[in-house]
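In what follows, a single structure is set out as structure tokens and then discussed.
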Amino acid sequence: MAITGKTGADAIFKALKRICIVLSHYRVKLVAVVAAAQSADVVTEEQAVLINDFLGTAELLCAALEAVAGYSGF
């Protein structure tokens, strides 16, 4: 059964959805900036991998949150 109403979850979903939209829109550019920063020794290879892994995980998380939001009617 869907949980609806003023639980605060709707505000969280709306905020996260905006973050997901921005991450999706600028992901390619961010990956390029991270690669350039790694080449310039500004970030380590480990940090670059961490950032790129975060972006991939964020994409999966956004899809999961969208499913939950749809179920709950947010």
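A count restricted to region 7-52 and to residues that are charged (D, E, K, R) and more than 11 Å from the chain's Cα centre (by Cα) stands at 6. Could you please find all residues in region 45-60 being loosely packed, with under 15 Cβ neighbours inside 10 Å and under 15 Å from Ile19 (Cα atoms)? Of everything in region 45-60, those that are loosely packed, with under 15 Cβ neighbours inside 10 Å and under 15 Å from Ile19 (Cα atoms) turn out to be Phe54, Gly56, Thr57, Glu59, Leu60. Please determine whether any residue of region 23-42 is modelled with pLDDT under 95, touching a helix residue (DSSP H, G or I) at 6+ places or on another chain (Cβ under 6 Å) and closer than 16 Å to Ala67 by Cα. Scanning region 23-42, I find no residue that is modelled with pLDDT under 95, touching a helix residue (DSSP H, G or I) at 6+ places or on another chain (Cβ under 6 Å) and closer than 16 Å to Ala67 by Cα, so the answer is no.
Of all residue pairs spaced 6 or more apart or on separate chains, none has beta-carbon atoms under 7 Å together with a first member in region 42-57 that is in contact (Cβ under 8 Å) with a residue 24 or more places away in the chain and a second member that is surrounded by 11 or more Cβ atoms within 10 Å (Cβ to Cβ) and among the hydroxyl-bearing types (Ser, Thr, Tyr). Among residues of region 27-38 that are more than 12 Å from Leu50 (Cα to Cα), those with a Cβ under 7 angstrom from a residue that is surrounded by 11 or more Cβ atoms within 10 Å (Cβ to Cβ) and β-branched (Val, Ile, Thr), sequence gap 6+ or separate chain, pair up as Ala37/Val43.
Going through (1) of a type outside the set (Ser, Thr, Tyr); (2) loosely packed, with under 10 Cβ neighbours inside 10 Å; (3) not in a helix (DSSP H, G or I) one by one, Lys29 falls short only on (3).
Just one of the listed residues (Ala69, Ala40, Ala48) is touching a Phe, Trp or Tyr at 6+ places or on another chain (Cβ under 9 Å) and not acidic (Asp, Glu), and it is Ala69.
The values are calculated or read from the model by the stated rules, or taken from the named source; none is laboratory data. Keep in mind that what you see is a predicted model, and the values were worked out from it rather than measured. Please note: Cβ atoms are built from the backbone with ideal geometry, for glycine as well, and neighbour counts cover all protein chains shown.
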